[in-house]
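None of the figures in this text is laboratory data; all of them are computed from the coordinates on show. Quantities reported herein were computed from a predicted structural model and do not represent experimental measurements. Cβ placement follows ideal geometry from the backbone for every residue including glycine, while neighbour counts extend to all protein chains displayed.
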Amino acid sequence: MSSIKKFEKPLGMRDTFPRIYEKMERARQIGRQVFRSRGFDFIETPTLEYYDTVGKASAISDSFLFKLVDSQGNTLVLRPDMTTPITRVATSKLLKEKIPLRLAYSANVFRAQQMEGGRPAEFGQMGIEIIGDKTVFADAEVIITAVQLMKELGIESFKLTIGHAGVLHDILDDYTDHDYQREILRNLLVERNYVGFEEAVHEFDLPATKANALLEFINEATNLSSIEDMEKYVRKNDGIEYMKQLSKLIDAYDLSQYVSFDFTLSSHMSYYTGMLFEVFASGSGFPLGNGGRYDGLLHLFGSDVGATGFSIRIDRLLEVLPKEEVEEETVCILFDDEDFIKALDLASTLREQGARVTVQSKKGLMNKEAFTKLFSRVVDLSQEEAQ
Amino acid sequence: MSSELTIAMPKGRIFEEAYQMLIEAGFKLPEEVEMSRKLMIEIPEENIRFILAKPMDVPVYVEHGVADIGIAGKDVLMEQQRNVHELLDLKISKCHIASAGLPNTQMDEIAPRIATKYPNIAMNYYKGIGEQVEIIELNGSIELAPMIGLADRIVDIVSTGRTLRENGLVEYEHIADVSSRLIANPVSYRMKNERIQEIVSRLKKIVK
């Protein structure tokens with residue numbers, strides 16, 4: 001074990017310096033505006049939660065949870081996501097006051113530390129949840145909000161890929177002989193291992209009709225031209241009908257250019273029961289965020305009203321946000337001891353005009369040139385007077 | 001013109017085989033590439049850029065998205081469990097992963113030791129068959145380990161079995177088949193879907 005050097009932070013933790021902070025803050029402000037204007041109310045939940053409630057219900061697997069022990073010996077987790085704590089609050093309290101609920105958040109979440117770079121243990125997330133509305137319109141609202149957020153953020157090249165957990169489950173169930181086969185295939189799709197999927201289908205020794213149907217399905221679903229193409233693979237049509245309706249709503253609102261459908265899309269989060277989607281943008285190697293209908297999570301908290309939502313990772317957003325130079329007037333007023341009040345007066349006047357004003361005693365400066373270089377304008381009170 | 005596609009390729013023999021496959025699949029690539037010390041090869045005619053990496057590093061470039069797609073051995077994918085899409089089995093560089101050791105030997109009953117370049121694959125395999133083992137990670141010449149008493153078994157790539165025979169070792173268990181796979185970054189797979197799908201379908205036709 002090497003000793004810790006003075007400059008070190010715990011593995012996976014990051015500092016945020018002013019320039020990045022402002023960039024993140026602008027993104028958060030845009031998010032806040034978009035969400036609030038669509039009627040979502042912001043809430044905050046504690047950083048620490050019980051492992052037995054939020055920790056276990058969360059979709060984040062156990063080995064990625066950041067665990068601690070409290071003074072009573074209970075295991076706690078640093079919240080690994082926001083959806084689970086919000087579900088806890090909603091089912092235990094808020095749903096009694098209003099239904100459906102439209103909630104929004106912007107908060108940091110935590111994951112177990114990992115050695116490799118690019119995997120922070122703490123990062124910001126913002127998103128929305130609609131709880132208590134099972135209609136397709138709630139899912140459409142989530143998707144429309146996600147698209148609007150991406151547009152308002154100025155991200156030009158992005159895509160939402162939408163799938164349906166129920167449809168996929170039914171197809172895999174119909175064309176396999178055992179539950180374990182269905183789960184193997186589902187897990188291979190979570191990993192997006194198409195080679196493994198085909199190999200597994202051959203290995204299962206299924207009747208030829210079933211095996212061929214699965215292979216055809218995987219081929220067609222990854223090159224999907226229209227949702228109708230999926231109908232031949234399902235017996236119960238309700239999931240497909242739901243997706244057709246959703247697609248129609250998205251078309252009607254003219255968002256189809258941002259959206260594609262993929263019925264092989266699958267998530268390790270088993271509480272996704274219906275529509276689910278991921279958000280991608282050019283510039284980051286990792287998905288920006290994801291969302292979907294998670295009625296299953298509400299079941300875990302003893303409610304059956306249904307819920308849907310999405311979230312975006314702020315740290316990944318930074319990689320894809322367009323570079324924008326913010327025009328901001330920054331003024332530095334340098335003063336000698338006796339001019340302090342004068343400096344403050346001038347500063348207030350300039351601030352009223354919208355400038356950011358720093359008042360700095362000349363005595364407190366070691367290198368005047370280096371310090372003043374960073375401002376768009378410098379006012380030296382002693383020189384002003386000389387003029 | 002569509003945006004540039006970056007392809008991470010493993011250096012050496014697999015590169016040549018895979019490169020020939022791309023030519024066969026109808027991509028306009030120069031017949032001979034100068035394989036000097038260059039790490040990046042631009043092909044403006046196809047709007048493709050190759051980056052040449054160590055086989056073990058290809059999934060790293062692809063997962064982080066600095067390469068859109070890549071060609072990686074199944075052994076590397078199994079060992080690293082990275083978040084990449086596995087699109088196509090190219091069926092080149094075929095071999096398998098096996099355990100091997102000195103002939104007619106049993107594993108130590110108290111603390112069986114396994115020497116390997118693939119600690120995760122070895123650990124998962126023995127876990128799967130209900131055996132708790134101790135792993136010793138080596139970087140090469142794995143065959144040495146049983147010969148000089150460092151380990152009871154090794155877990156390594158076997159293609160012809162010649163290296164094992166020449167060092168007096170025998171294969172015990174067949175763990176997994178290995179071949180080269182076409183992999184893709186999850187974001188590139190969505191954002192450059194048409195180009196990637198086209199490469200997949202063109203390569204699919206010539207996979208033997």
In the stretch A:192-210, what residues are within 12 Å of chain B (Cβ to nearest Cβ), part of a helix (DSSP H, G or I) and crowded, with 20+ Cβ neighbours inside 10 Å? A:Y194, A:V195, A:G196, A:F197
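Would you pick out the residues in the stretch A:339-370 that are aliphatic (A, V, I, L, M) and free of Cβ contacts under 8 Å to residues at least 12 places away in the same chain? Full working, then the answer.
Step one: filter the stretch A:339-370 for residues aliphatic (A, V, I, L, M), giving A:341, A:343-344, A:346-347, A:350, A:355, A:357, A:359, A:365-366, A:370.
Across the stretch A:339-370, the qualifying residues are A:I341, A:M366, A:A370.
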Return the only residue of A:E241, A:E228, A:E220 being more than 14 Å from chain B (Cβ to nearest Cβ), of a type in the set (D, E, K, R) and more than 24 Å from A:G306 (Cα to Cα). A:E228
May I ask you to list the residues in the stretch A:287-300 that are in contact (Cβ under 8 Å) with a residue 40 or more places away in the chain, in contact with a Lys or Arg (Cβ under 9 Å, 6 or more places away or on another chain) and either within 13 Å of chain B (Cβ to nearest Cβ) or not in a strand (DSSP E or B) (or both)? A:L288, A:G289, A:D295, A:L300
When B:V155 is evaluated against the numbered criteria (1) surrounded by 13 or more Cβ atoms within 10 Å (Cβ to Cβ); (2) assigned to a loop (DSSP other than H, G, I, E, B), which criterion, by number, is the only one it fails? (2)
What do you reckon, is A:S303 closer than 20 Å to A:I130 by Cα, touching a residue at least 12 places away in the same chain (Cβ under 8 Å) and surrounded by fewer than 20 Cβ atoms within 10 Å (Cβ to Cβ)? yes
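Looking only at the stretch B:179-208, filter to residues that are out of contact with any strand residue (DSSP E or B) (no Cβ under 8 Å at 6 or more places or on another chain) and part of a helix (DSSP H, G or I); which one of those is nearest to the other protein chains (Cβ to nearest Cβ)?
First, pick out the residues of the stretch B:179-208 that are out of contact with any strand residue (DSSP E or B) (no Cβ under 8 Å at 6 or more places or on another chain): B:194, B:197-198, B:201-202, B:205-206, B:208.
Filter again for part of a helix (DSSP H, G or I), leaving B:194, B:197-198, B:201-202, B:205-206.
Working: B:E194: 10, B:Q197: 6, B:E198: 10, B:S201: 8, B:R202: 13, B:K205: 14, B:I206: 16 Å.
Across the stretch B:179-208, the extreme among qualifying residues is B:Q197.
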Within the stretch A:265-284, which residues are surrounded by 21 or more Cβ atoms within 10 Å (Cβ to Cβ) and out of contact with any Asp or Glu (no Cβ under 6 Å at 6 or more places or on another chain)? A:L265, A:S266, A:Y271, A:Y272, A:G274, A:L276, A:F277, A:E278, A:V279, A:F280, A:A281
Quick check: is even one residue across the stretch B:99-117 within 14 Å of chain A (Cβ to nearest Cβ), touching a residue at least 24 places away in the same chain (Cβ under 8 Å) and out of contact with any His (no Cβ under 9 Å at 6 or more places or on another chain)? no
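Residue by residue, here is whether (1) surrounded by fewer than 20 Cβ atoms within 10 Å (Cβ to Cβ); (2) touching a strand residue (DSSP E or B) at 6+ places or on another chain (Cβ under 8 Å); (3) of a type outside the set (D, E) holds:
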| position | (1), (2), (3) |
| --- | --- |
| A:A213 | yes, no, yes |
| A:D238 | yes, no, no |
| A:M243 | no, yes, yes |
| A:L249 | yes, no, yes |
Those strands (runs of 3 or more DSSP E) completely within the stretch B:65-144 that have 1 or more residues that are surrounded by 20 or more Cβ atoms within 10 Å (Cβ to Cβ) are B:69-73, B:85-89, B:95-101, B:113-116
